Every structure is written in structure tokens, then in C-alpha cells.
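*Asks:* Supplied in C-alpha cells, the structure appears directly below.
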Amino acid sequence: MVVPSFPIHSLPTRPLETVLQSFTYFDMIKYSFISKVTKKVVRSFNLPLTLLAINVINRVHLRFNVENVIFTVDILHTDPNGTLHIEITYENVKRTIRNLEGYSVRSVIEHFMAIFDRVQVDTLMICPDANLLDGQFLKNNLNGFSYNSVLIICERTGYKVSSGQVKALEPFLKSERLYLVEAPFDRPNSYRLLIQNWGQLFSGSYNGLNDLLLSNSSYIEIQEATLSDNDLNIFLKNWRNGSNPRLEHAQIDFRHLREFDFDIILDGIEYQPHPDDEWTHQRQIAVQKNNGTKAMIKYKEGIYANFEVILL
């Protein structure tokens, strides 16, 4: 005897909630794609999302964390008839939702943001050397979302971003945080990035004196710095005279054995030694800008040395 099927979304609210509570998160996601009603039902469960990221490599990937389980969603190429497939990987399991008619990359992203009740994407990671770095593709599918952080990383050594690719990236360079990891921009375009008013700028690519002086962010973190003691002196003197006016915290990290010569670093600068920081064990020196704004220099020498300037 064939048992007739019964659409579970025809159940009353309470029984429906009981049934859905037995679903895995994948089943919930798959169920949400059935109709607008099922999407609304899944959203009502307030799934505990703690991360939502979009990676643009050779295809668009979504990553999200639900109760410490990492899900990766690969948005696969559409078929000639316009349908789209997504492949979801979690806990070493790979499942596919096929034939999403009427969906685009943008509407899939919008769907996940809706069921997780999200208005902002935590991180957008773009590989400039990826096949998808096309202005029209990015505009059609990724422009218009709110991104908390943008990370630019290049996987190919020696690759340089073209002027057309820079133009394609510009709409996405307006977030609170910018991470430049092996970012392959030429000097004119890198300067265009550095002078913008970022809340936080993390740089693994631009780590020299000119890069630091051009930065106009509230928080700057330079990794693998190439700054000499004389460079630090020039930076501090320019900062005291009004350069980097928005700067509240600069953290400069060195990835090699580094000792500081403060006879050079503080040459021409009034300062006051302070006791070591009790928590970080960094040494401390107080300085101030010409307008009276006070700051603390904190530093640690040796391997993985660092040098910080923090407004008080």
C-alpha cells in the first residue's frame, strides 16, 4: 500500500514547530527554499548564527557558524535553463540542493540573510586574481549589501590588479575594516586605499614609512613591518605635528629579531618614561602631540617585537 504524502507546512503552527525541531540544520535550510512561507517559518526559529562570511574566489562561497558547526555553501554555476544549485558542506558531510529555479547568486545570499535575520555580512573576502573579479558580476550579485569587514588577499605571487579590477572593487571598499593581505595593488592604487577613513586598517602588504604616513584610519595594524628606528622617529614627529589626525591606536609588528634605539626614535621629542604595563609586560613611554593630546608608546623587543602608539 502506498502511503499518501502530506505537506508538513499544512500542519497547524504548534505541530509544525514540533516537527521542525527534529530537523537537522541542513534539513531546515532545504525546507526554507520550498516557498516564501517556509522561509518565513525557518526564520521564526531564530537560528543561532554567529558568523556570516562571503568568499569570492573562482565561485562564490558562503560560510556561517551555527552552534559551533561551520557550514560552507558553494553556489554552483547555473544550468543553461537558468536553474541554480548549491552545495553545502558541514561536519565532513556534503549535500546538494538542486534546481533552485529563479534564483541568482544575489538572491541566494539574500535568502540566507533572511532566514538568519541578518542585515549585515561579517566579512567579504575577495581574491583579486580570481576569475570572478568582474565588475558586472560583482555589481549584479554583491553590491548593495552591508559588509563589516573586507579582506583582500591574492593567491598568485607577482600578480597585479588591473585598473579595471580596481574600479570593480571600489564599491566594496567602504566598510568599517579593511584587511590587505598580500594585496597586489600598484602604488597609486594602494595610496587610494590607505588614505580613506577606515575605522580599522590591517595591512600585511603595505608596511613601510610612506604607507604608515598616508594611512588615515582610527586604528592601524601593520604586520611584518619594515620600519627602521629613523622611520619611527619621522612617524612620531609627523604625528605630533598633525599627520594621521584620526589615529587613536597604531600597532606595528615585526616578524624578525628587533631591538629599538630610543636615542634615535625619540630624538627631538619630549617624553616621560613610565612603569611597564602590568598585563602585557610591555615597556611604556609617555609622549604628547603639539596640541596637548597625550599618548603612550608601548613596545616589546626581541623576536616578534612590537611598537604601539595609543592615545590616552
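The values are calculated or read from the model by the stated rules, or taken from the named source; none is laboratory data. Note that the structure is predicted; figures quoted are calculated from it, not measured. Reconstructed Cβ throughout: ideal geometry from the backbone, glycine too, with neighbour counts over all protein chains shown.
*Asks:* So Ser190 ticks every box in (1) at pLDDT 75 or above; (2) touching a helix residue (DSSP H, G or I) at 6+ places or on another chain (Cβ under 8 Å); (3) surrounded by 14 or more Cβ atoms within 10 Å (Cβ to Cβ) but one. Which box is left unticked?
*Replies:* Every listed condition holds for Ser190 apart from (1).
*Asks:* Another question about this same structure. List the strands (runs of 3 or more DSSP E) that sit entirely inside region 26-90 and contain at least 2 residues that are in contact (Cβ under 8 Å) with a residue 60 or more places away in the chain and either in contact with a Leu (Cβ under 9 Å, 6 or more places away or on another chain) or charged (D, E, K, R) (or both).
*Replies:* 49-56
*Asks:* Could you grab me the full set of residues in region 158-187 that are small (Gly, Ala, Ser) and modelled with pLDDT of 75 or more?
*Replies:* Within region 158-187, Ala168 is the sole residue that qualifies.
*Asks:* Whether any residue in region 150-157 is at pLDDT below 70, of a type in the set (Val, Ile, Thr) and surrounded by fewer than 20 Cβ atoms within 10 Å (Cβ to Cβ) is what I want to check.
*Replies:* Yes: region 150-157 contains one or more residues that are at pLDDT below 70, of a type in the set (Val, Ile, Thr) and surrounded by fewer than 20 Cβ atoms within 10 Å (Cβ to Cβ).
*Asks:* Ok, one more. With Asn216, Asn210 as the choices, which residue is over 19 Å from the mean Cα position of the chain (by Cα), at pLDDT 80 or above and surrounded by fewer than 18 Cβ atoms within 10 Å (Cβ to Cβ)?
*Replies:* Asn210
*Asks:* Given (1) modelled with pLDDT of 90 or more; (2) surrounded by fewer than 17 Cβ atoms within 10 Å (Cβ to Cβ), where does Arg63 come up short, assuming only one miss?
*Replies:* (2)
*Asks:* Right, next: From (1) farther than 27 Å from Ala295 by Cα; (2) at pLDDT 75 or above, pick out the condition that doesn't hold for Glu221.
*Replies:* (1)
*Asks:* Go through region 292-309 and count every residue that is surrounded by fewer than 16 Cβ atoms within 10 Å (Cβ to Cβ) and either touching a residue at least 12 places away in the same chain (Cβ under 8 Å) or touching a Pro at 6+ places or on another chain (Cβ under 9 Å) (or both).
*Replies:* Count: 6.
*Asks:* How do the strands (runs of 3 or more DSSP E) wholly within region 193-312 filter down when requiring 1 or more residues that are among the polar types (S, T, N, Q) and in the same structural domain as Glu176 (by the TED database): which remain?
*Replies:* Ranges flagged: 200-203, 249-253, 272-274, 283-288, 306-311.
*Asks:* Taking the residues in region 259-284 that are crowded, with 17+ Cβ neighbours inside 10 Å and closer than 15 Å to Lys237 by Cβ as candidates, determine which candidate is nearest to the chain's Cα centre (by Cα).
*Replies:* Ile265
*Asks:* Could you check Ser22 against (1) out of contact with any helix residue (DSSP H, G or I) (no Cβ under 8 Å at 6 or more places or on another chain); (2) in contact (Cβ under 8 Å) with a residue 24 or more places away in the chain; (3) of a type outside the set (Val, Ile, Thr); (4) part of a loop (DSSP other than H, G, I, E, B) and say which number it fails?
*Replies:* Of everything listed in (1) out of contact with any helix residue (DSSP H, G or I) (no Cβ under 8 Å at 6 or more places or on another chain); (2) in contact (Cβ under 8 Å) with a residue 24 or more places away in the chain; (3) of a type outside the set (Val, Ile, Thr); (4) part of a loop (DSSP other than H, G, I, E, B), Ser22 misses just condition (2).
*Asks:* Which one is surrounded by the fewest Cβ atoms within 10 Å (Cβ to Cβ) among residues in region 123-135 that are at pLDDT below 85 and farther than 11 Å from Leu169 by Cα?
*Replies:* Looking at the filtered set, the residue picked out is Asn131.
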